[in-house]
1. Of the numbered conditions (1) surrounded by fewer than 19 Cβ atoms within 10 Å (Cβ to Cβ); (2) more than 21 Å from LEU241 (Cα to Cα); (3) in contact with a helix residue (DSSP H, G or I) (Cβ under 8 Å, 6 or more places away or on another chain); (4) not charged (D, E, K, R), LEU323 satisfies every one except a single condition; which is it?
2. Any chance you could count how many residues in the stretch 85-95 are in a helix (DSSP H, G or I) and either free of Cβ contacts under 8 Å to residues at least 40 places away in the same chain or in contact with a strand residue (DSSP E or B) (Cβ under 7 Å, 6 or more places away or on another chain) (or both)?
3. Please go through the stretch 111-124 and give me each residue that is part of a helix (DSSP H, G or I) and either within 16 Å of PRO182 (Cα to Cα) or in contact with a Gly (Cβ under 9 Å, 6 or more places away or on another chain) (or both), ordered by number.
4. List the pairs whose first member sits in the stretch 226-237 and is open to solvent by less than 60 Å² (accessible area, probe 1.4 Å), whose second member is assigned to a helix (DSSP H, G or I) and of a type in the set (A, V, I, L, M), and whose Cβ atoms are under 6 Å apart, counting only residues at least 6 apart or on separate chains?
5. Looking only at the stretch 124-141, filter to residues that are of a type outside the set (Gly, Ala, Ser) and over 14 Å from GLY299 (Cβ atoms); which one of those is surrounded by the most Cβ atoms within 10 Å (Cβ to Cβ)?
Amino acid sequence: MPLALLALAVSAFGIGTTEFVMMGLLPNVADDLGTSVPTAGHLVSAYAIGVVVGAPLLTALGSRIPRKRMLLLLMALFVVGNLASALAPGFGWLVAGRVLAGLPHGAFFGVGAVVAARLVSEDRQARAVATMFLGLTVANILGVPAATLLGQHLGWRATFLVVTVIGLVAMAALARLVPQIPVDERQGLGREIRALGRPQVLLGLLTAVFGFAGVFAVYSYLASMTTEVMGFGESTVTVVLALFGLGMTGGALAAGPLTDRALRPTLYGSLAALVLTLVAFRFTVHVPWLALVTVVVLGAVGFMTTTPLQMLVMRKAKDAPTLASASNHSAFNLANAGGAWAGGAAVAAGWGWTSPALVGAGLTVVGLAIAAIAGLLDRAGTTEGASRVVAGSPQESAAADGAATADGEVAEVSGTSSPASGS
């Protein structure tokens, strides 16, 4: 794999740390700022709102900016947002800092996924994208637990100062390792918007919104579940978060090659497994060792959905995948916000700390149903035809136009094209 993927993974590590660490710090932030844990949960939603707004907006504004420069500008905004969070004088300012830190998230991963796909041969596209996402999973094994532990001992502000430093390191790695990638002159904002409006792209985004919401309905309150239901002390929260991260890493490692081989079956299987795991967690959470095993499985099957969803919208967006790719992260963070809200609402209603698991299962069932409908429509040929992930010149892109898989998908990277293993 190219070293540029390492720079993307380091950036993803920083983004993943700041996105997920708030779940482990909710009790500490709530105590320090004099609010309740469910109210502090709005900080999770605030970051997600930043992603939802920033992904299409910043991608549109940067549609003509060379890819490497765009990645650096986005990471610079990430640094500013985390520094603002660390220095926030009160809860309202912290909410604003979280929104600011979230703004570049979706655009960064949207541009980064397209760049990653352009760096490798067509049959390794999903693995390249999954390699970038490994930064997110490693963040949950090392970054989030370490940052949570740091926040518990030195205060949550120290956590965001450290994330700010990680962002600066990521910028240096991007500047050093990512090659210059010019913008395809054929690609403009109008073309990207038209690609985003294709039915299969929209169905893919809806699948992400509902399917992934089930993960965050539970993960947002995992720290409280650890102490209130599993019966562990506060010091064990970092261990539980690390176990979730281990599961995420396993899911990401498996998702890449599985998606390259069979996209839709990987998506269906991971969503179905997620439903079963969430239902099981409602009961296993009361048995400490079973709860820990289920946390690992939850991380694995939850994160296994991300790579096939990312590749699906990129391929269905045809030769203008950047905005669709970025919008997919808006969808994931709508899932983040919606899952956190739904789980918190269940707890606030007095249904208990285990209720988010069943709420999450219901949300994921909706996502699986949407994915199945999209697959049926695709097979019936009622949606658009061939698609590809563009990476080369206009002449190279044209070379892929004639090739398609059985369900109308093509991925093209380096001037050669072949049927993409997938749905």
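The values are calculated or read from the model by the stated rules, or taken from the named source; none is laboratory data. In this text the structure is predicted, and so the values were computed from the model without any measurement. With ideal geometry, Cβ positions are generated from the backbone for all residues, glycine too; neighbour counts draw on all protein chains shown. The accessibility values were calculated without ligands, DNA or RNA, using every heavy atom of the protein model including side chains. Shrake-Rupley method; radii C 1.70, N 1.55, O 1.52, S 1.80 Å.
1. (1)
2. Taking the stretch 85-95 as the starting set, the residues that turn out to be in a helix (DSSP H, G or I) are 85-86, 91-95.
Narrowing further to those that are either free of Cβ contacts under 8 Å to residues at least 40 places away in the same chain or in contact with a strand residue (DSSP E or B) (Cβ under 7 Å, 6 or more places away or on another chain) (or both): 92-93.
Here the count works out to 2.
3. Initial filter on the stretch 111-124 (part of a helix (DSSP H, G or I)): 111-118, 122-124.
Once the filter is applied, which keeps residues that are part of a helix (DSSP H, G or I) and either within 16 Å of PRO182 (Cα to Cα) or in contact with a Gly (Cβ under 9 Å, 6 or more places away or on another chain) (or both), the stretch 111-124 yields VAL111, GLY112, ALA113, VAL114, VAL115, ALA116, ALA117, ARG118, ARG124.
4. THR226/VAL237; THR226/VAL240; MET230/ALA291; VAL237/ALA223
5. As a first pass, look at the stretch 124-141 and keep what is of a type outside the set (Gly, Ala, Ser): 124-125, 127, 129, 131-134, 136-138, 140-141.
From what is left, the residues that are over 14 Å from GLY299 (Cβ atoms) are 124-125, 127, 129, 131-132.
Details: ARG124: 19, GLN125: 29, ARG127: 20, VAL129: 31, THR131: 23, MET132: 29.
The extreme case among them is VAL129.
Table: residues versus (1) closer than 20 Å to LEU136 by Cα; (2) open to solvent by less than 30 Å² (accessible area, probe 1.4 Å); (3) hydrophobic (A, V, I, L, M, F, W, C); (4) in contact (Cβ under 8 Å) with a residue 24 or more places away in the chain.
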{"site": "SER11", "(1), (2), (3), (4)": "yes, yes, no, yes"}
{"site": "MET23", "(1), (2), (3), (4)": "yes, yes, yes, yes"}
{"site": "VAL52", "(1), (2), (3), (4)": "yes, no, yes, yes"}
{"site": "GLY62", "(1), (2), (3), (4)": "no, yes, no, yes"}
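Residue-by-condition table, conditions (1) touching a helix residue (DSSP H, G or I) at 6+ places or on another chain (Cβ under 7 Å); (2) closer than 23 Å to ALA254 by Cβ; (3) not β-branched (Val, Ile, Thr):
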residue	(1), (2), (3)
THR164	yes, no, no
ALA175	yes, no, yes
PRO179	yes, no, yes
GLN200	yes, no, yes
TYR219	yes, yes, yes
